[in-house]
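The values are calculated or read from the model by the stated rules, or taken from the named source; none is laboratory data. Not measured: the values here are computed from a predicted model. With ideal geometry, Cβ positions are generated from the backbone for all residues, glycine too; neighbour counts draw on all protein chains shown.
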Amino acid sequence: MNIHEYQAKAILRAYGIHVPEGYPAFTVNDAVANAKRLGTPVMVVKAQIHAGGRGEAGGVKLAHSIDEVRQYAREMLGHKLVTRQTGPQGKKVNRVYIEAGCHIKKEYYLSFVVDRQAECVVMMGSEAGGMSIEDIAAKTPEKIIKEYIDPVIGLADFQARRMAFNLHFEGPAVNKAAAFMQDLYKVFIDKDCSLAETNPMVLTEEGDVLALDAKLNFDDSTMGRHPEILELRDITEEDDKERKAAAEGLNYVNLGGDVACMVNGAGLAMATVDIIKENGGEPANFLDVGGDSTPEKIVAAFNIMLEDNQVKGILINIFGGINRCDVIATGIVEAASLLSGGEEKFPIPVVVRLEGRNVDKGREILDKANIENLYPAADMDEGAKKVIALVNAGKK
């Protein structure tokens, strides 16, 4: 789960981390009122979307007057912002953040993230603040400094001070930077974050260390013990299909292509996405119906995949274990009937590969149903090639 920058900064502020004063705005009038409330000579108008790269895309503007705040807020609110992380479709800006400017002396990058290979949390820092970590890694990997954190001990004082020295903080700023790191680590642990990032973390001309930007991502599986975080959820920032799938107990990720996948098990789902790509297709989604599939769940999955005409063909790839192939087949038949108003057909080609528990019963159910636009496949490779060929034929 993600939250907006201003929400992340409120959490950081509660932990004693210095952040510039600022207030969210949902209308142009709100933005103007907040600018007057700040009363600073320089203000920053920031688009609030769940995506990085806002600055280079025009989503962060310096304003030197109330009129400029009004102008920038009007240009952002209600309009789409396209960044390197949103894709070409962009994201609509429904709120902006009006923040006081500050005197920046030096910018840094700092984050905490789980390193699954090292099996621990790692603190990453860099003097190349303001750049994405991917850009730093590509252009100047030697500038990324890491401290691996013992989960029993936590972030040790010497590690925080060592990071501060390696980032070339000097004098009193060393202790301030180290304290900043300790506080951000506490946020990461207390709030069950998967990422706690401030980019840039800045040293001001006055010698203060503060978070000029903040990004917190949270482990979804821990939200049951963080109702205060769940209250910050902005569903307008979430993919509509992914949200509906979660409500149905489905694991769904929109991948943007036109060949949909319905699979049971995350490993098989990833393999199916790969084999579609390998055969020249563009996967539309990752959809894991799980191990407790029911006909109702299969029908819900079809409705989500077919919702907005993105998908031109579907590959159903099921290996029956806990799931039974006959239950999956029954769901497919019900979906065909519901989608066609009882005519037993699919609006687009659907290729089905069934294997495993009760596979003979499942295949028999599909054969007897005699559904139009439904095609069997003996294995994954045949299924991928067949659905891609049918989708390509439909484009001609």
field: Residue list for the stretch 295-315, filter: surrounded by 17 or more Cβ atoms within 10 Å (Cβ to Cβ) and touching a Ser or Thr at 6+ places or on another chain (Cβ under 9 Å)
entry: I298, A301, L315
query: Which residues, taken from the stretch 306-325, are out of contact with any helix residue (DSSP H, G or I) (no Cβ under 6 Å at 6 or more places or on another chain), within 17 Å of P349 (Cβ to Cβ) and in contact (Cβ under 8 Å) with a residue 12 or more places away in the chain?
result: L306, Q310, I314, I316
query: What are the pairs, 6+ residues apart or on separate chains, where a residue within the stretch 279-305 that is under 13 Å from N317 (Cα atoms) and among the charged types (D, E, K, R) has its Cβ under 6 Å from a residue that is outside any strand (DSSP E or B) and at pLDDT below 85?
result: D288/A266
- prompt: Can you find a residue in the stretch 268-278 that is assigned by TED's automatic domain parsing to the domain that holds I365 and assigned to a loop (DSSP other than H, G, I, E, B)?
  reply: no
statement: Checked against (1) out of contact with any strand residue (DSSP E or B) (no Cβ under 8 Å at 6 or more places or on another chain); (2) in the same structural domain as L232 (by TED's automatic domain parsing); (3) within 28 Å of G207 (Cα to Cα), E119 satisfies every condition except (3)
statement: If we take the stretch 184-231, then strands (runs of 3 or more DSSP E) inside it with 2 or more residues that are among the small types (G, A, S) are 193-204
query: Condition test on E127, is it among the charged types (D, E, K, R) and in contact with a Leu (Cβ under 9 Å, 6 or more places away or on another chain)?
result: yes
- request: Select, from V69, V96, V42, the only residue that is of a type in the set (V, I, T), in contact (Cβ under 8 Å) with a residue 24 or more places away in the chain and surrounded by fewer than 17 Cβ atoms within 10 Å (Cβ to Cβ).
  value: V42
